[in-house]
Amino acid sequence: MGALVGLLLGAGVILIFLGLTTKRSAINIRADSHFFARLAQQSGIPRLTGISLFGICVASSVIAAVLAILVTAVPMVALIAAIASGWMPILLIRRRGRLHHKAVRKAWPDVVDSLLSAVRAGLSLPEAVCELGSKGPVALRMQFADFAADYRASGSFVESLNGLGEQLADPVADRVIAALRIAREVGGNDLGSVLRTLSLLLREDARVRGEIEARQSWTINAARLAVAAPWITLALLSTRPEAIRAYNSASGAVVLIAATALTFVAYRSMMFVSRLPVEPRLVKT
């Protein structure tokens, strides 16, 4: 009970100290240069900010530390649990971002097909793009709705396309927007053939990536299970009095620290090896 009270008191003091010493200017850092703000922006959660994400990480870390100290009574295990749980919201946000990116990548061929159908039906190119805000794929409907609002306000199709590209920040979006911009500037006589070719290329790319990811998934899941299994065993062993005495010693703390470092290196190496190459974005000239 004394350890629990001390841990909660220390966490409270740290939070109060951060609240009193954090300057307002530090909160207003640009989103593209702030780690938590950038993650919050990529998550797709409407009201999530960098500060709230940081608070979630701190709260998760404190709760995990309290639970670990109550179950195991080993301070080193509680510290490791606090670090792992504090990092868990970041991993979940990154996973959500990857899933959103996959959904967007799969939606682009449908976007191109919708544009092609609208152009064939007699709509102008700006009208066809604006129509995607209400009838396009769900994963991209909000971005195209913002494009439609910006185009109606400014009347500049090219500038609205540039804003759409900055909002999406996606290599596939750059290719589609470049095709639309060229068609708008030099004429759209070949727009139909360009869109058909682009749709075929995007579908083939999505198919190949899907096959590679399906083959990699079982290896990645097995590696994650191999990383988690020793720590599940540790949690079970820490409920026994003799294990608690062993891990509370100096040699036990060294073993836990070494195991944590090896686990981190192994997991990061696994993720690096299994990572697919990222297509570079088009550079504006």
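Odds and ends about this structure:
- The criterion of being at pLDDT 85 or above, over 27 Å from the mean Cα position of the chain (by Cα), surrounded by fewer than 15 Cβ atoms within 10 Å (Cβ to Cβ) and in a helix (DSSP H, G or I) holds for Ala153.
- The requirement of being assigned to a helix (DSSP H, G or I), more than 17 Å from Val194 (Cβ to Cβ) and in contact with a Lys or Arg (Cβ under 9 Å, 6 or more places away or on another chain) is fulfilled nowhere in the range 109-123; no residue meets it.
- Number of the exception - Ile212 against (1) modelled with pLDDT of 80 or more; (2) over 21 Å from the mean Cα position of the chain (by Cα); (3) surrounded by fewer than 17 Cβ atoms within 10 Å (Cβ to Cβ): (2)
- Residue in the range 217-229 that is more than 24 Å from the chain's Cα centre (by Cα) and surrounded by 12 or more Cβ atoms within 10 Å (Cβ to Cβ) present: no
- Taken as a whole, the structure leaves Val255 outside the set of residues that are in a helix (DSSP H, G or I) and under 30 Å from Val176 (Cβ atoms).
- Members of the range 230-285 that are among the aliphatic types (A, V, I, L, M), surrounded by fewer than 14 Cβ atoms within 10 Å (Cβ to Cβ) and within 27 Å of the chain's Cα centre (by Cα): Ile232, Ala261, Leu262, Val265, Ala266, Met271, Val273, Leu276, Val278, Leu282, Val283
- Exclusive hit being outside any helix (DSSP H, G or I) and either in contact with a Lys or Arg (Cβ under 9 Å, 6 or more places away or on another chain) or among the aliphatic types (A, V, I, L, M) (or both), set Leu200, Leu276: Leu276
- Any hit, the range 203-223, residues being within 30 Å of Val74 (Cα to Cα) and among the hydrophobic types (A, V, I, L, M, F, W, C): yes
The values are calculated or read from the model by the stated rules, or taken from the named source; none is laboratory data. All of these numbers come straight from a predicted model, not from anything done at the bench. Glycine gets a Cβ as well: all are built from the backbone with ideal geometry, and neighbour counts include every protein chain shown.
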